[in-house]
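Reading through the structure tokens given below for one structure.
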Amino acid sequence: MKKLTQKEEEILSCFWAKGPMFVKELLEIQDDPKPHYNTLSTIVRILEEKNYIGYKAYGNTYQYYALISEDEYRKSTLDNVVDKYFGNSYTRVVSSLIEEEKLSVEELQDLIRQIKNKSK
């Protein structure tokens, strides 16, 4: 999966939240100051080239939609981070979170309970 810029992720998240849209509709839901229509259209085309969104043609206009779910994207992104920065070891990720006090003992015990319940 090709890496996305922050703005590309923001635009893709709009499709996850709202479903299929035309660029005009996408522009309407953007925060002020709104990007120029052509700028937004370019980002949408880039997302299409990267195979994150598809489209359905209606004459000379296109309605775009996400090709990948938010969960699929989240998992892929997490897998890439774990592979790149933690030697593909989720144990190292958890150890790092504990060392940096981002994960408490209670939270870790809750995770262990979840794992035990899932394996039953």
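The values are calculated or read from the model by the stated rules, or taken from the named source; none is laboratory data. Keep in mind the model is a prediction, meaning the values are calculated, not measured. Neighbour counts are summed over all protein chains in view; Cβ atoms, including those assigned to glycine, are modelled from backbone coordinates with ideal geometry.
May I ask you to list the residues in the stretch 25-74 that are of a type in the set (Lys, Arg) and surrounded by 12 or more Cβ atoms within 10 Å (Cβ to Cβ)? Please lay out each step first, then the result.
From the stretch 25-74, those of a type in the set (Lys, Arg) are 34, 45, 50, 56, 74; that's our starting set.
Hits for the stretch 25-74 are 34, 45, 50.
So is residue 106 farther than 30 Å from residue 1 by Cβ, of a type in the set (D, E, K, R) and without any contact (Cβ under 8 Å) to a residue 60 or more places away in the chain or not? Before you say what the answer is, go through the steps one by one.
Working: farther than 30 Å from residue 1 by Cβ: yes; of a type in the set (D, E, K, R): yes; without any contact (Cβ under 8 Å) to a residue 60 or more places away in the chain: yes.
Yes, satisfied.
Pull up the stretch 29-58, narrow it to residues that are among the acidic types (Asp, Glu) and not in a helix (DSSP H, G or I), then point me to the one that is nearest to residue 2 (Cα to Cα). Step through it out loud before you land on a result.
Residues of the stretch 29-58 that are among the acidic types (Asp, Glu), as a first pass: 31-32, 48-49.
Of the ones still in play, those that are also not in a helix (DSSP H, G or I) are 31-32.
On the way: 31: 26, 32: 28 Å.
That would be 31.
Which residues, counting only those in the stretch 69-113, are among the small types (Gly, Ala, Ser) and part of a loop (DSSP other than H, G, I, E, B)?
First pass over the stretch 69-113, keeping only residues among the small types (Gly, Ala, Ser): 69, 76, 87, 89, 95-96, 104.
Correct list: 69, 87, 89, 104.
Name the residues in the stretch 1-36 that are at pLDDT below 95 and of a type in the set (Ser, Thr, Tyr), would you?
none
Residues in the stretch 66-87: is at least one at positive phi and free of Cβ contacts under 8 Å to residues at least 12 places away in the same chain?
Looking for residues that are at positive phi and free of Cβ contacts under 8 Å to residues at least 12 places away in the same chain, one finds at least one in the stretch 66-87, hence yes.
With the structure loaded, tell me whether residue 56 is at pLDDT 95 or above and out of contact with any Leu (no Cβ under 6 Å at 6 or more places or on another chain) or whether it fails that test. Spell out how you get there, then give the answer.
Numbers: at pLDDT 95 or above: yes; out of contact with any Leu (no Cβ under 6 Å at 6 or more places or on another chain): yes.
Yes: the conditions hold for residue 56.
Output the residues belonging to the stretch 75-95 that are exposed (fewer than 14 other Cβ atoms within 10 Å of the Cβ) and under 23 Å from residue 112 (Cα atoms). Give the steps one after another, and end with the answer.
As a first pass, look at the stretch 75-95 and keep what is exposed (fewer than 14 other Cβ atoms within 10 Å of the Cβ): 75-76, 78-81, 83-85, 87-92, 95.
Hits for the stretch 75-95 are 75, 78, 79, 81, 83, 87, 88, 89, 90, 91, 92, 95.
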